[in-house]
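**Student:** Here it is: the structure, laid out below.
The values are calculated or read from the model by the stated rules, or taken from the named source; none is laboratory data. Note that this is a predicted model, so its numbers are computed, not measured. All Cβ positions, glycine included, derive from the backbone under ideal geometry; neighbour counts span all protein chains shown. Each accessible area value is taken on the protein alone, full model and side chains, heavy atoms only, with ligands, DNA and RNA left out. Shrake-Rupley method; radii C 1.70, N 1.55, O 1.52, S 1.80 Å.
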Amino acid sequence: ALPIWRFTLTRWAVFIGMALTYATYVFLRSTFTYVAPVLASHLHLSLASVGKISSAFPIAYGMSRLFTGLLVDRTSPRVALATGLLLACLVNIAMGFSTTVPLLAALWALNGLVQGAGAGASA
């Protein structure tokens, strides 16, 4: 049997790990909101272009939550959580190197798709 102190320590470690992981997901989910004004002025984007880019995320995220939730139920939540977080980081880095509206919108939608994996795995 597992001693109570070890159980308590493990429970806190899991809780802290989940909280930090979810906080990182939330941070990667809101990056475009903060850089949009600077990005718009630097790339000379119109307000409509910024709107097209920013609307790609919630559509992709909503669809992804449904389908990745079903997928995570059949696989390892730990692997899905880590893979989704790694892919979200890579997509955010790739957005820093993109300069066209279609590419930015596609990457932001891709970020929404991989973010959906975190929702199912966290639950």
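**Student:** May I ask you to order 23-31, 101-109, 6-14 by the average number of other C-beta atoms within 10 Å around their residues, highest value first?
**Tutor:** So the order, starting with the most tightly packed, is 101-109, 23-31, 6-14.
**Student:** Ignoring ligands, DNA and RNA, what percent of the accessible area of segment 58-123 is carbon or sulfur (1.4 Å)?
**Tutor:** Reported share for carbon and sulfur atoms: 75 percent.
**Student:** Could you size up the charge dipole of the chain around its Cα centre, putting +1 on the beta carbon of Lys and Arg and -1 on that of Asp and Glu, and report it in debye to the nearest 20?
**Tutor:** Values: 7 positive and 1 negative charges, 54 e Å.
Charge dipole, the chain, about its Cα centre: 260 debye, nearest 20.
**Student:** For Y34, Y61, Y22, give the ranking by accessible area with the largest first, probe 1.4 Å.
**Tutor:** Working: Y34 170, Y61 40, Y22 110 Å².
Order by accessible area, largest first: Y34, Y22, Y61.
**Student:** Taking square-rooted eigenvalues a ≥ b ≥ c of the alpha carbon gyration tensor, is segment 5-70 rounded, prolate or oblate, where a/c under 1.5 means rounded and, failing that, a/b exceeding b/c means prolate?
**Tutor:** The shape class here is oblate.
**Student:** Residue farthest toward the positive end of the dipole of the chain, with Cβ of Lys/Arg at +1 and Asp/Glu at -1: which of F15, A80, Y34?
**Tutor:** Positive-most Cα among the choices belongs to F15.
**Student:** If you work out P(r) over Cα pairs in 5 Å bins from 0, in percent from the coordinates, which of (1) 2, 10, 16, 22, 19, 11, 6, 5, 4, 3, 2, 1, 0; (2) 2, 12, 23, 25, 22, 11, 4, 1, 0; (3) 2, 11, 19, 19, 15, 11, 8, 6, 3, 2, 1, 1, 0 do you get?
**Tutor:** After the calculation, the listed value that fits is (3).
**Student:** How much length, in nm to one decimal, is gained on full extension between S98 and A40, taken as 0.36 nm per residue of separation minus their Cα-Cα distance?
**Tutor:** On the way: separation 58, 0.36 × 58 = 20.88 nm, distance 1.27 nm.
My answer for the length gained is 19.6 nm.
**Student:** Given 0.36 nm per residue, what is the gain on full extension from T75 to Y22 after removing their alpha carbon distance, in nm? Walk me through the numbers before you get to the answer.
**Tutor:** Numbers: separation 53, 0.36 × 53 = 19.08 nm, distance 1.92 nm.
Going from the current span to full extension adds 17.2 nm.
**Student:** I would also like to ask the following. Per residue, how much accessible surface does the chain expose to a 1.4 Å probe? Answer in Å², no decimals.
**Tutor:** Per-residue value: 64 Å².
**Student:** So, one more: Once the other residues with Cβ under 14 Å from the Cβ of G118 are scored (Lys, Arg +1; Asp, Glu -1), what is the net sum?
**Tutor:** +3
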